[in-house]
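One structure below.
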Amino acid sequence: MSGDLRLGARETIALVSDAFTELPHADRETAPDGPLGWPGYDDSRARAAGRTGESESVVCGTASVEGTRAVLIAFEFGFLGGSLGERTGDRLEAAYTYAREHRLPVVPLVATGGSRMQEGMLALTQLQRVARQSALTREAGLPQIAVLRDPTTGGGWATLGAGADVVLALPGVQVGFAGSRIRPVNADPAAYTAEAQVAAGSADAVVAPERLRETLGRWLRLLTAPSDEPAPVPRPLGATDLPASGWDAVRRARSPHRPRAARYLDAYFTHRVAIGGDRCGGTDPDGMLCGFGEHAGRTVAYAAQTGAATRPAGYRTATRLIRLAERLGIPVLTLVDTPGAANDAEAERQGVGAAIAELFGAVATARTPVTTLVIGEGGSGGALALAAPGRTWATPDSYFSVIAPESAAAILKRPPEDAESTANQLRIRPQDLADLGLIRTDGP
């Protein structure tokens, strides 16, 4: 493990911010050797204080991160392994309370081995305090962006880390609920890394130390800029003339030369940052792109299908995105482009139906405005789940259908060669959808 990943609390604060001001704290008085009377506990704390210059395992205060003021919570791993005890809980609760009172985002800079053994169950129950404070801060519409340092394990990972809205991690750091001393002897150590957590959808990105301040600052700027105005509709980047027939619309939408989501996002946003994963063990980077970006000086959240069949993790990531944007008061742009939901056996085992249902519900009940542009294939419910009722537009090289024409022909017991005529009957062209009142034509 490289030395720059084991920076102390104040070194880490200096790495990511300027003008740090520590929040005042008054440590509670405890009986000799703590609440359990653990022999030698006072001596251990004194030695930890001597080594680190800190009186507890966490340093809390306010600072400016690339121009955005935030509450920083930095763990000092050198103080009893960054463990959580009652005094730690007091400081964490005070920091979250201050953030809510002053409407500031919270940035936990986590490096902890978990709960403090010398305080027993009293230490473990600090996790409940932290979870409640995090939930109250979430309900207040304030973002929480965690940075995982080495190591991030136990209850600290399961509350301050994994419970944040966005989770960033330094490369190669140890991350996992089970610390290195209590894992099965045959456990694969590669599973307990930041990279593994990103691959499993439990963290959003691994960020190099030299890019951490810039990345964190960008996230904070984007997530602290609410807006009541809907996201403007992107302009079409492909064909400008309408398709002559239903099958022509299908051909255009399936063309490998038609612009896809990444091109639309690059044209729409000045810059953007991505969230990755559904927080349920899955990712779908090939089927769904989600994140936040800046458009014309405003923050807009996006969930964009890429033209591939969307997997359950893709739908769940989009749901996570929309619910986060709703809490923070940020408008959402969705781009529809999929032949349909993944329909293989693995997708069924992963709960594709439930994932689509969650997304339908999130879009239907969103209290932040959602704008949708169909940019390619609109294949059945797997596409419709991402579309905003009453606020959906379509490009000239797109179509939207109850199901793909080939599948519709098969359901109707027609021969395969009837797929073209079936496409015409389904009225799936953009102009047909407008005539049916299903899409808007007031244009970007």
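The values are calculated or read from the model by the stated rules, or taken from the named source; none is laboratory data. From a predicted model like this one, the values you see are computed outputs, not experimental measurements. All Cβ positions, even for glycine, are placed from backbone atoms using ideal geometry, and neighbour counts span all protein chains on display. Ligands, DNA and RNA are excluded from the accessible area calculation, which covers all protein heavy atoms including side chains. Shrake-Rupley method; radii C 1.70, N 1.55, O 1.52, S 1.80 Å.
If you take all other residues with their beta carbon under 11 Å from the beta carbon of CYS280, and give Lys and Arg +1 and Asp and Glu -1, the sum is +1. Rounded to the nearest whole Hz, the Karplus-based 3J(HN,Hα) values (6.51 cos²θ - 1.76 cosθ + 1.60, θ = phi - 60°) of region 42-48 follow the sequence 4, 5, 4, 5, 5, 5, 4, with x at glycine and proline.
Close amide H contacts of GLU76 (hydrogens built in the peptide plane, cut-off under 5 Å, sequence separation of 5 or more or a different chain): VAL58, VAL59.
Rolling a 1.4 angstrom probe over the protein heavy atoms with all chains in place gives region 221-322 an accessible area of 40 Å² per residue.
Once you charge only the Cβ atoms, +1 for Lys and Arg and -1 for Asp and Glu, what is the size of the charge dipole of the chain about its Cα centre, to the nearest 20 debye?
It comes to approximately 300 debye.
Relative contact order of region 20-125: 28 percent, from C-alpha pairs under 8 Å at least 6 residues apart in sequence. For region 325-376, the square roots of the Cα gyration tensor eigenvalues, ordered a ≥ b ≥ c, give a/c of at least 1.5 with a/b no greater than b/c, which places it in the oblate category.
Of all accessible surface on the chain at a 1.4 Å probe, what whole percent is carbon and sulfur?
On the way: 9830 of 18220 Å².
Here it works out to 54 percent.
Subtracting the Cα-Cα distance of LEU136 and GLU346 from their residue separation scaled by 0.36 nm leaves 71.9 nm.
Computed over region 164-253, relative contact order equals 28 percent, with contacts defined as Cα pairs under 8 Å that lie 6+ residues apart. Centroid-to-centroid, using Cα positions, region 184-239 and region 276-310 are 10 Å apart. For region 1-55 versus region 311-330, the inter-centroid distance based on Cα atoms is 36 Å. Estimated purely from DSSP H runs of n ≥ 4, each contributing -39500 (n - 2.57), the mean residue ellipticity at 222 nm for the chain is -10000 deg cm²/dmol once divided by its residues.
Summing +1 for each Lys or Arg and -1 for each Asp or Glu among the other residues whose beta-carbon sits under 15 angstrom from that of GLY37 gives -4. Between the helical axis of 209-223 and the longest alpha-carbon principal axis of the chain there is an angle of about 60 degrees. Need one word for the chain: rounded, prolate or oblate. Basis is the Cα gyration tensor (sqrt eigenvalues a ≥ b ≥ c); a/c below 1.5 gives rounded, then a/b vs b/c decides. It comes out prolate by the Cα gyration axes. A simple spin-label model places pseudo-atoms 7 Å from Cα toward Cβ; at ARG28 and ALA434 they are separated by 6.6 nm.
The relative contact order of the chain, computed from alpha carbon pairs under 8 Å that lie at least 6 residues apart in sequence, is 11 percent. In the chain, taking the dipole from charged Cβ atoms about the Cα centre, the farthest positive-side position among PRO416, GLY176, ALA49 is held by PRO416.
For the set SER421, SER17, the ranking by accessible area, highest first and with no ligand, DNA or RNA atoms included, is SER421, SER17 under a 1.4 Å probe. Here the Karplus curve 6.51 cos²θ - 1.76 cosθ + 1.60, taken at θ = phi - 60°, turns the phi angles of region 342-352 into couplings of 4, 10, 7, 4, 5, 4, 5, 5, 8, x, 4 Hz, with x standing for Gly and Pro. Shown in residue order for region 399-406 are the 3J(HN,Hα) couplings computed by the Karplus curve 6.51 cos²θ - 1.76 cosθ + 1.60 at θ = phi - 60°: 8, 9, 9, 4, 6, 4, x, 4 Hz (x for Gly and Pro).
Here region 9-125 is treated as a Stokes sphere of Kirkwood radius computed over C-alpha pairs; at 10 °C and 1.306 mPa s its diffusion coefficient rounds to 109 µm²/s.
Apply the a/c threshold of 1.5 to the C-alpha gyration tensor of region 220-347 and tell me whether it is rounded, prolate or oblate. Because a/c hits 1.5 or more and a/b fails to exceed b/c, region 220-347 counts as oblate.
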